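The values are calculated or read from the model by the stated rules, or taken from the named source; none is laboratory data. The structure displayed is predicted, hence computed values, not measured ones. We place every Cβ from the backbone using ideal geometry, glycine too, and count neighbours over all the protein chains shown.
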Amino acid sequence: MKYHIITFGCQMNVSDSERIAGVLEGINFKKTSNINEANLIAVTMCSVRQSAVDRVHGLVQKFKKLNPKIKTILTGCILEKDRKKFINSFDYVIDIKDIKKLPEILKISPTRQAQKLRDNVIFAHSNYLDITPKYSNEFSAAVPIMTGCNNFCSYCVVPYTRGREVSRQAKEIISEIKILSKKNYKEIWLLGQNVNSYKDGKTNFPKLLKMANNIPGDFKLCFITSHPKDFSDELIKTMKNCKKLSKRLNLPIQSGDDEILKKMNRPYTVAQYKALVKKIRKAIPDISLSTDIIVGFPGETKKQFQNTVKTLKEIGFDMAFVNKYSPRAGTAASKMKDNVPWAEKKRREKILIELVNEPR
């Protein structure tokens, strides 16, 4: 029996797919890169952008041309409204937290009646992060330290697809890093929607980093993603003192205008963000700083966009991941008027990308 996995979205989704692979290989499935050879296809979905959801719809049409005996699974970040749309297109539509029970799920007949029974009666969510993953890379590995989010940024669906923040036990995380170190992995990424808010009893994120830093081995520690509101002085000091910690930091600003930040439900001002960056750079002069930015957020005027341009020039990021706003159902921003034309969003995106790529 062979399986094929298709992954959309962020590193967290890649990590989820590695855990799906771990479960499937535990029941004697073998991975294939050829979708036509597969007996089972698993799609790890991303709901952050509508374009990613549209790509899953496109896959459904492709699956119809394959052998009808091939079983298909949809999991990952799935909004409830999308789950209802896809339930007739995939044999199994399951919550990512249920992948540990794939061996039992696959024994159930893929019908709507069985789907309802499976979701509501048979399975309750379990700690899927303790699954031993089948890593897809021999140099770099991702270790999720938490899942979910409590921030409810107005444009983001993560709290609705992954739920509230749940931190993984520190001993499990450290155990996984030790295994990776012994296997000679050179780069280990700690993942979370907001790693800064990690908390396991008395172990917060800076303490977890210190514990990981003390593990013997020749590897570099990285983490993603950080929220500016939770970036503490303790974390800055830890980053400065831990030799294994990478000098790369992604710190999403999302906008350089205070009014837009407020509409995004980002609880900091541009001035506060700048002060934080100044503090980080003073402690770690060789830090490489990247950020995330959304252009064309509902109501963003040309003047407000120019405030973002000005902010980027002042801060001087080494890299920026620029995204054009697109509404996602279920978020607060989806109820706002999406009044910035797509062509204008593309223009603003181009300006920021060219600005960040200018030699300094």
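Sub-7 Å Cβ pairs linking a first residue in the range 338-360 that is without any contact (Cβ under 8 Å) to a residue 40 or more places away in the chain to a second residue that is outside any helix (DSSP H, G or I), at least 6 apart or interchain, are 346/324; 353/322, ordered by first then second residue. The test for being farther than 30 Å from residue 182 by Cα, in contact with a strand residue (DSSP E or B) (Cβ under 9 Å, 6 or more places away or on another chain), among the polar types (S, T, N, Q) and at pLDDT below 90 does not hold for residue 109. Only a single criterion out of (1) part of a loop (DSSP other than H, G, I, E, B); (2) closer than 30 Å to residue 333 by Cβ; (3) outside the structural domain of residue 311 (by TED's automatic domain parsing) is not satisfied by residue 185, namely (2).
Residue pairs whose Cβ atoms lie under 8 Å apart, sitting 6 or more positions apart in sequence or on different chains, and linking a residue in the range 176-189 that is crowded, with 19+ Cβ neighbours inside 10 Å to a partner that is modelled with pLDDT of 95 or more and in a helix (DSSP H, G or I), are 177/212; 188/177; 188/180; 188/181; 188/212. Of the residues making up the range 295-320, those that are closer than 19 Å to residue 354 by Cβ and either in contact with a Ser or Thr (Cβ under 7 Å, 6 or more places away or on another chain) or not assigned by TED's automatic domain parsing to the domain that holds residue 356 (or both) are 308, 317, 318, 319, 320. With respect to (1) closer than 23 Å to residue 175 by Cβ; (2) in a strand (DSSP E or B), the lone exception for residue 293 is condition (1). Scanning the range 163-175 for residues that are buried (at least 22 other Cβ atoms within 10 Å of the Cβ) and either aliphatic (A, V, I, L, M) or over 16 Å from residue 209 (Cβ atoms) (or both) returns a single hit, 173. Out of curiosity, is residue 236 more than 30 Å from residue 81 (Cβ to Cβ), assigned by TED's automatic domain parsing to the domain that holds residue 186, part of a loop (DSSP other than H, G, I, E, B) and touching a helix residue (DSSP H, G or I) at 6+ places or on another chain (Cβ under 9 Å)? It is false that residue 236 is more than 30 Å from residue 81 (Cβ to Cβ), assigned by TED's automatic domain parsing to the domain that holds residue 186, part of a loop (DSSP other than H, G, I, E, B) and touching a helix residue (DSSP H, G or I) at 6+ places or on another chain (Cβ under 9 Å). Say whether the condition of being at pLDDT 95 or above and more than 17 Å from the chain's Cα centre (by Cα) is met by at least one residue in the range 11-21. Yes; the residues of the range 11-21 include at least one that is at pLDDT 95 or above and more than 17 Å from the chain's Cα centre (by Cα). Report yes if some residue within the range 199-221 is in contact (Cβ under 8 Å) with a residue 24 or more places away in the chain, closer than 16 Å to residue 11 by Cα and exposed (fewer than 15 other Cβ atoms within 10 Å of the Cβ); otherwise report no. The answer is no, given that none of the residues of the range 199-221 is in contact (Cβ under 8 Å) with a residue 24 or more places away in the chain, closer than 16 Å to residue 11 by Cα and exposed (fewer than 15 other Cβ atoms within 10 Å of the Cβ).
Just one of (1) closer than 28 Å to residue 48 by Cα; (2) surrounded by 20 or more Cβ atoms within 10 Å (Cβ to Cβ) fails for residue 232. It is (2). Look at residue 261 and say whether it is under 22 Å from the mean Cα position of the chain (by Cα), assigned by TED's automatic domain parsing to the domain that holds residue 345, surrounded by 17 or more Cβ atoms within 10 Å (Cβ to Cβ) and not in a loop (DSSP other than H, G, I, E, B). Answer is yes for this residue. Within the range 331-349, if we keep just the residues that are crowded, with 17+ Cβ neighbours inside 10 Å and of a type outside the set (Asp, Glu), the residue that is nearest to residue 152 (Cα to Cα) turns out to be 331.
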